[in-house]
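One structure is given below, encoded as structure tokens.
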Amino acid sequence: MTYCLGIWLPAGLVLASDSRTSAGVDQIATVKKLAVFEQQGERMIAILSAGNLATTQAVISTIRQNAGQAAGRPGVQGGAVDWSSADIMTARSLFDVAQIVGAILREVMRANRSFVEPYGDPGATFLVGGQIAGDTHRLFQIYTAGNFVEASSRNAFLQLGETKYGKPILDRALTTKSGLDEAAKLALLSFDATIRSNLSVAPPIDLLRYETGSLAARQIAKFTAQHPYWADLRDRYSTGLGRLVESLPEPTFS
């Protein structure tokens, strides 16, 4: 299992992922799940992945292989639109990028599903966020079937993987008026709640803070378990939460 989070705000995006992958209790590894594709001043695209590691790596590797090698617009195969060989680095919009990622995912699933299913779930999901010049910043969640939904002001965050533990703090504290720094803190606290309650999610946490219009991935941080800010944030939050609970009135039983 994993946990990935994407937050859309008028000011920009906050994207974060953990690094744990496992194939059993004795096969645990650290894998980066945040891939960034950028041409500064023209586009910044970030892709976060969850699910079957072989599937996610095949999708990301195909995207990298096509980058700079293929036409941006889709081809036509058998009378149907074929996005699977298109290039995200020449795509006209983030919507087209989501189409490309979904199509590549379907191709990988079509090729491998029957061989993988006897041994486990081959499925994978992705978050695609960023901005292309001439378009606004956008955030999409792509499902195993290759279809997708988009974040908006009414649905400001999207999650992959182990979502339930980190969701309550976002529901309570995140609003469209939140700034990117506040959203980044909430994202890390969302990961803290998840890590405390589920052993299948663990640091390092890769976090990208993107300001709309910048068209560059200038602010990326890696928070290990020993990172001073991560440790201080967790300690301050736990201490403050404990004090808040102590300050609340006791329940009545009459």
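The values are calculated or read from the model by the stated rules, or taken from the named source; none is laboratory data. Values in this document were obtained by computation on a predicted structure and should not be read as measured data. In this analysis, Cβ positions are derived from the backbone assuming ideal geometry, glycine residues included, and neighbour counts consider all displayed protein chains.
Collect the residues in the stretch 186-199 that are assigned to a loop (DSSP other than H, G, I, E, B) and under 17 Å from Leu158 (Cα atoms), keeping them in residue-number order.
Listed by number, the list is empty, since nothing qualifies.
Among the numbered conditions (1) under 20 Å from Tyr3 (Cβ atoms); (2) at pLDDT 95 or above; (3) among the basic types (Lys, Arg); (4) surrounded by fewer than 19 Cβ atoms within 10 Å (Cβ to Cβ), tell me where Arg196 comes up short.
Evaluating Arg196 over (1) under 20 Å from Tyr3 (Cβ atoms); (2) at pLDDT 95 or above; (3) among the basic types (Lys, Arg); (4) surrounded by fewer than 19 Cβ atoms within 10 Å (Cβ to Cβ) leaves (2) as the failure.
Would you pick out the residues in the stretch 200-254 that are closer than 30 Å to Met1 by Cβ and in a strand (DSSP E or B)?
Passing the criteria: Ile205, Asp206, Leu207, Leu208, Arg209, Tyr210, Gln219, Ile220, Ala221, Lys222, Phe223.
Got a sec? Which of Asp135, Asp181, Asp121 is within 24 Å of Met44 (Cβ to Cβ), out of contact with any Pro (no Cβ under 7 Å at 6 or more places or on another chain) and either at pLDDT below 95 or part of a loop (DSSP other than H, G, I, E, B) (or both)?
Exactly one of Asp135, Asp181, Asp121 is within 24 Å of Met44 (Cβ to Cβ), out of contact with any Pro (no Cβ under 7 Å at 6 or more places or on another chain) and either at pLDDT below 95 or part of a loop (DSSP other than H, G, I, E, B) (or both), namely Asp135.
Has the stretch 143-154 got at least one residue that is assigned to a loop (DSSP other than H, G, I, E, B), closer than 19 Å to Trp8 by Cα and aromatic (Phe, Trp, Tyr)?
Looking through the stretch 143-154, at least one residue is assigned to a loop (DSSP other than H, G, I, E, B), closer than 19 Å to Trp8 by Cα and aromatic (Phe, Trp, Tyr).
Considering the stretch 106-135 alone, what residues qualify as being out of contact with any Gly (no Cβ under 9 Å at 6 or more places or on another chain), in contact (Cβ under 8 Å) with a residue 60 or more places away in the chain and exposed (fewer than 12 other Cβ atoms within 10 Å of the Cβ)?
Within the stretch 106-135, just Gly120 meets the criteria.
Scan the stretch 211-229 for residues that are among the polar types (S, T, N, Q), over 22 Å from Leu9 (Cα atoms) and out of contact with any Phe, Trp or Tyr (no Cβ under 8 Å at 6 or more places or on another chain) and report the count.
Final tally of qualifying residues: 1.
From the list Ala103, Ala98, pick out the single residue that is in a helix (DSSP H, G or I), in contact (Cβ under 8 Å) with a residue 40 or more places away in the chain and closer than 28 Å to Phe223 by Cβ.
Ala98
Against the conditions (1) touching a helix residue (DSSP H, G or I) at 6+ places or on another chain (Cβ under 9 Å); (2) free of Cβ contacts under 8 Å to residues at least 12 places away in the same chain; (3) assigned to a helix (DSSP H, G or I), where does Asp171 fall short? Just the number, please.
(1)
If only one of Ala98, Ala103, Ala67, Ala91 is modelled with pLDDT under 95 and crowded, with 16+ Cβ neighbours inside 10 Å, which one is it?
The conditions single out Ala91.
Please list, ordered by first then second residue, the pairs with beta carbon atoms under 6 Å, 6 or more apart or interchain, first in the stretch 218-229 and within 20 Å of Lys33 (Cβ to Cβ) and at pLDDT 95 or above, second aromatic (Phe, Trp, Tyr) and not in a loop (DSSP other than H, G, I, E, B).
These pairs meet every condition: Phe223/Trp230.
Given the conditions (1) at pLDDT below 95; (2) of a type in the set (A, V, I, L, M); (3) touching a strand residue (DSSP E or B) at 6+ places or on another chain (Cβ under 9 Å), which single one is not true for Val116?
For Val116, the failing item is (3).
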